[in-house]
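Quick notes on the structure that follows.
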Protein chains: 2
Amino acid sequence: MIKSNLQSILRHKFSKYFTQHTQKVGLFFFKPAGTHLTSRQRLQIAYLNAFLPLKLTKMKIAVAKGDGIGPEIMEAVIGIFNAAKLPLEYQYVDMGKWVFDKGFSNGMTPEAKESIEKLGILFKGPMETPKGKGVKSVNVTARKTWNTYANDRKFQTLSGVDTVFSKAGINIDLTIVRENIEDTYGGVEHKLTQDVAIARRYITRGGSEQVIRYAFEMAQKKGARRITCGHKANIMKLTDGLFLEVFNEIAKAYSNLKADDIIVDDLCMKLVSRPDLFDVIVLTNLQGDIVSDLCAGLVGGLGFAPSSNIGDHISIFEAVHGTAPDIAGKNIANPTALLLSGLNMLRHLGMMEKAVMIENALLFTLESGVHTGDFGDKSIPSVNTTVFAQAIIDNFGKQPSHHTKPNLKDFDFVSTNRAISNNPMLLGSNNEPHKIVGADFFIETTLQPNALAAIAIQEEKNQLKLVTISNRGTQVWPTGSVFTNLVNQYLLRFETEDETPLTQSDIIHLYSALAKNFQISSVEILNMWGDKKAYSLAQGQ
Amino acid sequence: MIKSNLQSILRHKFSKYFTQHTQKVGLFFFKPAGTHLTSRQRLQIAYLNAFLPLKLTKMKIAVAKGDGIGPEIMEAVIGIFNAAKLPLEYQYVDMGKWVFDKGFSNGMTPEAKESIEKLGILFKGPMETPKGKGVKSVNVTARKTWNTYANDRKFQTLSGVDTVFSKAGINIDLTIVRENIEDTYGGVEHKLTQDVAIARRYITRGGSEQVIRYAFEMAQKKGARRITCGHKANIMKLTDGLFLEVFNEIAKAYSNLKADDIIVDDLCMKLVSRPDLFDVIVLTNLQGDIVSDLCAGLVGGLGFAPSSNIGDHISIFEAVHGTAPDIAGKNIANPTALLLSGLNMLRHLGMMEKAVMIENALLFTLESGVHTGDFGDKSIPSVNTTVFAQAIIDNFGKQPSHHTKPNLKDFDFVSTNRAISNNPMLLGSNNEPHKIVGADFFIETTLQPNALAAIAIQEEKNQLKLVTISNRGTQVWPTGSVFTNLVNQYLLRFETEDETPLTQSDIIHLYSALAKNFQISSVEILNMWGDKKAYSLAQGQ
C-alpha cells in the first residue's frame, strides 16, 4: 500500500528479509534523487524493513476534528474508515477556534504543526477563525504555510441530492483545479493616494507549472476526457497570458489528453447550461475560487463538495463548508462532504479499492433515500449523523444503480514528504539577455494631463523620454479623450529611444528629479528580455 | 419626453411661448451648474423653444449596425421601433471590422466619433475586432474612451426560451451592474523577472462611487426588492474593502432599499441554485464580468441578454453576443438581445410607455411559440428574422400571460451630455494628514531569505529598518516556513520606528544603497493617512 521507490529497490536487494506482509509496512522513505545508497544506509533501511513490519502495518496521518459540527462528522467518517479496515492510524492534532482561544495566534499548537510536517497528510474538519481579533484564517494559513499549490475540488451528481440540473437529467462529473498560492491572494495591497488602492496580482511560471502539472497528472490518472484552462488572457495578457502559455507547454507532454482553453466568463456561462461538457478545469486562484463554488452550487452546495489541497510535502484534505455552530453537538450534521474529502485522501494514498467500495456504498445509501435533515426527499424522515454513517457501513459491497464507480487497482503511494533545510526555489529555464529600457512613475496630482506633461518633460534625463501618461490604464497624453474621467493618480512612462539599455542609476536620477515636483507613489522598472518588452501598453497607446 | 431642468425653468418663465406640443421637443440643453442665466442666453433658448418645436420633435441618436449579423438584426429592431412610432431619429455611424479594414486603427471613423460625442447615445450591433493586428477591441475602446463606468445587464426568464431553471419553475429577474473601467482591466502589467508577472488591480473611491450610485438610482427607479454588493473584501481588504465601504456609505442615502453584501464565490454558488433570491447586484469589473455572463447562461445565453454601458456624457446600448459570420446575410439571426438592449435605451431616455408596449409584445410573441432557429420549441418551425420582427409588431398592444411588464409613466430625460474642455477629476472628500513611513522594494534574487536579509540589513538607512521579507505575499523573514516555495522575486519592507515621517529623499537614498547589491524591480511607498497604515501586512507578518 505504502511504498517508496527506494523500498522497491531494497525489497529486490534484500528479498530474504521480506515477507508477504511487508508490503503493508507503513514506513516513509525519503525519495532519493538517485538510487545509489551507501552500504550503511542500505543496512539501516533493510534492518527497518526486516524487523519492524508488524509494528508499522498502518500509515499514520494527522487528523484535526475542527470546530462546531467538525468533531461529530469527523467521528462519523473515521467510523466508516475503521469499519472498512483501512490501514490508517490517526494522530489527532489541535487546530481551530478553540486553539486560537487558548492564545495560539495561528490557530494551531506547535505540536500540531510538528506532527503535520512530520506525517505529511492532514485530514481536517471545518474550522472557524475568530472575528475582529486581526488573526488570519487558520485554513488559509495552513494552505500557505505548507505551500499546497493545487486545490482539487470534485463535483458530481449524487442521486438523492436534488438540484435543477439533476432534475433536468444533466449528469455532472467535474474536477476544478485551482491554483492556491498566487494571484491577488498574496494580499500585497497599497493605497497610492487616500482614494486609490491597488492590489498586486502575481502570476509566476514556477507557480503555474506546479498546479498545471498536477492537473494534467490527475486528469490522466482519472482517465479524463478533456482538460480545460480557464483564464482571462484576452485582458490580462501578461499574467493570465503566462498561465495559458504554461498550460499549452505542459499539454504537449500529454498528447493523449484533449486540452483546450476558454475565457472564464464564457466558461461560467457554459457551466450553468452544459456542465456535462467539461471534465477537468484548471484556473488561477480567484477565478478558480469563483468557478469552484459555482460548481458546488450545481451539485447541491458545499455539503456535497470535497476539497484537497495538494503540495509537494504536505497535503490537506478537508470539508470547506462552515462549522454550523447552530446545530453543533446535536448529531444531525451531514458528513458527506468530509467523507468525500476523505475518499480523495484515500485515492491520493493509492487505496483505490477501499475508496471505490466506500464511495459506492455512499451512492447506494443516497439512492435508497437515506438522508440527513439538510437535503433529500422530505417525504422520507431524515436520520441523524450516526445512523447515516451506519447505513453507509451496512451498504459496503453494494453497487448503486447510477454512476457506479468502477473498480480501480491500488497503487503504491510514493511519499514526497521530506525534511528540507532550505526553501525550494521555483525557477524557469528561460534565460534571455536582460536590459532596462525605462521606468513607470506613479504619481499623485490633480493636474490635467497636458499641464502634468509640461512639467514632467522638463525632468527628462539623458536618454529617458516621457512617452505616455495614463490614468487607471487609459492613455490621456500625448493623445486621449476628454471624456476619460481621472483620479488623482497618474502613470508617467519614460523610455529610452531605440531601446538603449539603462542602469538603476539612470532611474534613480530621474526619480530624484521627479520627486522635486511630484508626490511619487511607486516606481516600476521597464524590462526587456531578448527582444520582447516585458510590460503592457496603456489603452490607447 | 426630452427635457432638461433648464427647459423646465424656461417653460415656467416663458410660458406663453410653449404649447402642449412643446413637451416633445427634442432639444438638448446643457445642464447648468446653477439656474442663473444671462438675458442673452435666456432669449436664445426661449427662441429655440418657441419657434423650433415642430422641426425638433424627434431625438437623434447614433446607430452603428455592426458586423456579421449586425446589420440585419439592427434593421429588424429599427423596424420595430419605427412601427411603434418612437420619437427617434437615427444617425448611422461607421464602426466595426470593416472600418478597421479601411485603416482606422480604433475601428471607427473620426466622423463617427464626432457624431457619437455630439449625440450622447450610441445604439450598436455586435462588432468584430481583427485578430493578430495588435489592435484593441472596438467595444472596449468605446467603453473606455467615453468612460461608460456602469455596465448594466438585465436577465429575465423568457417564456419559450427553455433553460434548466425555467423548466424547474424558477423565475429569474436580475440586474447585474458591473464597474466598467477599473480593476485589472486597466491592463497595467509588468514582468518583474522573466518568470514573474504582475497586474495592478486598481479600485478607486471615485470610480466606485460612480458605479454604485448608478446602481442604487437604477434599483430605486425599477422598484428593486434588494441591492447586493458582490465582492472579495475578505481577501482583497484594501481594494474590494474600498468598494464595499463606498457601497455601505451610499446605501445610507437609500434607506428604503434593502442593501446587503456577499462574497463573490458564495454569490455564484447561490446564483446557480436560487437566482430568484437576488434582484440588483453591483460588482467590480472582473467579478462583474464573470457573474454577468453566468447570469446570461441562466436565462438562455447571450442571445437573450441586453447590455447598457452608462456614462455621464455618452451611453452605449448594445448586444454583447458575437457577430455570427457563419449565418450573416441569411436573415435567420435572432434579434432578441439587440431589441432588449434597445428597450433599455428607451427606458434610459424615459420612453417607458413604448418600451413596456414593445416588451410585452415580445413576451407575447415568444410565449406564442414564434422563434428563430437558435432556440425554442423544435416541434414548431422556426421563422426568419423579418418574420420574427413582424410578429412582434403584429402583437403590439397584447399582454403575455406570464411576467407581463406593468405600465410605467414616461419621464423627462435629462441629458447630461455636454461639451467639456477638461477631463473630469474624481476626488474623494477625505483629507487626513499624510506621511510616508517606509517603502517596499521588490527585488530579483535567488538567495535564501536569511542570506538576503543579512545583506539588506547592512543597507538600512537612518530610521528605515528592514521589518519583513515576503515572497508572493507570504512572509519568509524574520519568521516563516521552510515549506514556502520561493520565486526569484522578493518584497523587502523597510519601515521607520514609531512611524516617524520620511521624505522621498530618504527612500531614494535607500534605493541607491540597495541597487548596489540587488536588481530592483519596483518600489512602492508606504503611506499613512491619519493613524491608518495604507498597506497590507504579509501573510504571517
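Screening the stretch B:455-476 for residues that are more than 10 Å from chain A (Cβ to nearest Cβ) and part of a strand (DSSP E or B) and picking the one that is farthest from A:Ile314 (Cα to Cα) gives B:Leu464. For the stretch A:340-380, the candidate set comprises residues that are in contact with a strand residue (DSSP E or B) (Cβ under 7 Å, 6 or more places away or on another chain) and of a type in the set (Gly, Ala, Ser); within that set, the residue that is farthest from A:Ser308 (Cα to Cα) is A:Gly350. Tell me, yes or no, whether the stretch A:200-216 has at least one residue that is farther than 25 Å from A:Asp312 by Cβ, of a type outside the set (Ser, Thr, Tyr) and either touching a residue at least 24 places away in the same chain (Cβ under 8 Å) or more than 10 Å from chain B (Cβ to nearest Cβ) (or both). No: the stretch A:200-216 contains no residue that is farther than 25 Å from A:Asp312 by Cβ, of a type outside the set (Ser, Thr, Tyr) and either touching a residue at least 24 places away in the same chain (Cβ under 8 Å) or more than 10 Å from chain B (Cβ to nearest Cβ) (or both). For the stretch B:67-91, a tally of residues being touching a strand residue (DSSP E or B) at 6+ places or on another chain (Cβ under 6 Å) and more than 16 Å from B:Met345 (Cα to Cα) returns 0. Here is the figure for the stretch B:48-80: residues that are surrounded by fewer than 20 Cβ atoms within 10 Å (Cβ to Cβ), modelled with pLDDT of 55 or more and farther than 16 Å from B:Gln91 by Cα total 0. Would the stretch B:484-491 turn up any residue that is touching a strand residue (DSSP E or B) at 6+ places or on another chain (Cβ under 9 Å) and surrounded by fewer than 21 Cβ atoms within 10 Å (Cβ to Cβ)? Within the stretch B:484-491, none of the residues are touching a strand residue (DSSP E or B) at 6+ places or on another chain (Cβ under 9 Å) and surrounded by fewer than 21 Cβ atoms within 10 Å (Cβ to Cβ).
The residue that is nearest to the other protein chains (Cβ to nearest Cβ), among those in the stretch B:491-510 that are closer than 22 Å to B:Ile235 by Cα and more than 35 Å from the chain's Cα centre (by Cα), is B:Arg493. For the residues B:Ala142, B:Ala112, the requirement of being away from chain A (no Cβ under 11 Å), under 23 Å from A:Ala538 (Cβ atoms), among the aliphatic types (A, V, I, L, M) and in contact (Cβ under 8 Å) with a residue 12 or more places away in the chain singles out B:Ala112.
Would you check if A:Ala454 is surrounded by fewer than 22 Cβ atoms within 10 Å (Cβ to Cβ), farther than 25 Å from B:Lys516 by Cβ and free of Cβ contacts under 8 Å to residues at least 12 places away in the same chain?
Working: surrounded by fewer than 22 Cβ atoms within 10 Å (Cβ to Cβ): yes; farther than 25 Å from B:Lys516 by Cβ: yes; free of Cβ contacts under 8 Å to residues at least 12 places away in the same chain: yes.
Against the criterion (surrounded by fewer than 22 Cβ atoms within 10 Å (Cβ to Cβ), farther than 25 Å from B:Lys516 by Cβ and free of Cβ contacts under 8 Å to residues at least 12 places away in the same chain), A:Ala454 qualifies.
Among residues of the stretch B:224-258 being among the hydrophobic types (A, V, I, L, M, F, W, C) and in contact (Cβ under 8 Å) with a residue 40 or more places away in the chain, the one that is nearest to B:Ile203 (Cα to Cα) is B:Phe243.
Would you pick out the residues in the stretch A:294-304 that are facing another protein chain (nearest Cβ under 9 Å), of a type in the set (A, V, I, L, M) and open to solvent by less than 10 Å² (accessible area, probe 1.4 Å)? Give the derivation first.
From the stretch A:294-304, those facing another protein chain (nearest Cβ under 9 Å) are A:294-298, A:300-302; that's our starting set.
The next check asks that each one be of a type in the set (A, V, I, L, M); those that pass are A:294, A:296, A:298, A:302.
Passing the criteria: A:Leu294, A:Ala296, A:Leu298.
You will find that of B:Ala439, B:Ala513, the residue that is part of a strand (DSSP E or B), more than 9 Å from every other protein chain (Cβ to nearest Cβ) and of a type in the set (Gly, Ala, Ser) is B:Ala439 and no other.
From B:Val291, B:Val280, B:Val272, which residue is among the β-branched types (Val, Ile, Thr), within 19 Å of the chain's Cα centre (by Cα), open to solvent by less than 10 Å² (accessible area, probe 1.4 Å) and within 12 Å of chain A (Cβ to nearest Cβ)? Spell out how you get there, then give the answer.
Numbers: B:Val280 fails: within 12 Å of chain A (Cβ to nearest Cβ); B:Val272 fails: within 19 Å of the chain's Cα centre (by Cα).
The match here is B:Val291.
Taking the options B:Lys405, B:Lys398, B:Lys409, B:Lys378, name whichever one is under 30 Å from the mean Cα position of the chain (by Cα), more than 14 Å from every other protein chain (Cβ to nearest Cβ) and open to solvent by 60 Å² or more (accessible area, probe 1.4 Å).
Answer to the selection: B:Lys409.
Of everything listed in (1) without any contact (Cβ under 8 Å) to a residue 40 or more places away in the chain; (2) hydroxyl-bearing (Ser, Thr, Tyr); (3) under 26 Å from A:Met425 (Cα atoms), the single unmet condition for A:Ser273 is (3).
In the set (1) over 21 Å from B:Val161 (Cβ atoms); (2) at pLDDT 95 or above; (3) surrounded by 17 or more Cβ atoms within 10 Å (Cβ to Cβ), B:Leu426 fails one condition alone, (2). Of the numbered criteria (1) facing chain B (nearest Cβ under 9 Å); (2) in contact (Cβ under 8 Å) with a residue 60 or more places away in the chain; (3) open to solvent by less than 10 Å² (accessible area, probe 1.4 Å); (4) touching a Leu at 6+ places or on another chain (Cβ under 9 Å), the one A:Tyr535 fails is (3). Condition check for B:Asn248 on (1) touching a strand residue (DSSP E or B) at 6+ places or on another chain (Cβ under 7 Å); (2) more than 10 Å from chain A (Cβ to nearest Cβ); (3) modelled with pLDDT of 95 or more: one failure, at (1). In the set A:Gly169, A:Gly207, A:Gly132, A:Gly186, only one residue is of a type outside the set (Phe, Trp, Tyr) and modelled with pLDDT of 95 or more; that residue is A:Gly207.
Looking at the structure I just gave you, is A:Ile420 surrounded by 15 or more Cβ atoms within 10 Å (Cβ to Cβ) and either more than 14 Å from chain B (Cβ to nearest Cβ) or touching a residue at least 40 places away in the same chain (Cβ under 8 Å) (or both)? Don't jump to the end; show me each part of the working.
Working: surrounded by 15 or more Cβ atoms within 10 Å (Cβ to Cβ): no; either more than 14 Å from chain B (Cβ to nearest Cβ) or touching a residue at least 40 places away in the same chain (Cβ under 8 Å) (or both): yes.
In short, no.
If you go through the stretch B:155-187 and pick out every residue that is open to solvent by less than 10 Å² (accessible area, probe 1.4 Å), facing chain A (nearest Cβ under 10 Å) and either within 28 Å of A:Ile170 (Cβ to Cβ) or not in a loop (DSSP other than H, G, I, E, B) (or both), you end up with 4.
The values are calculated or read from the model by the stated rules, or taken from the named source; none is laboratory data. Note that this is a predicted model, so its numbers are computed, not measured. Don't worry about glycine lacking a Cβ; one is built from the backbone with ideal geometry, like all the others, and counts go over all protein chains shown. The protein model used for the area step is the full one, side chains on, heavy atoms only, and it has no ligands, DNA or RNA in it. Shrake-Rupley method; radii C 1.70, N 1.55, O 1.52, S 1.80 Å.
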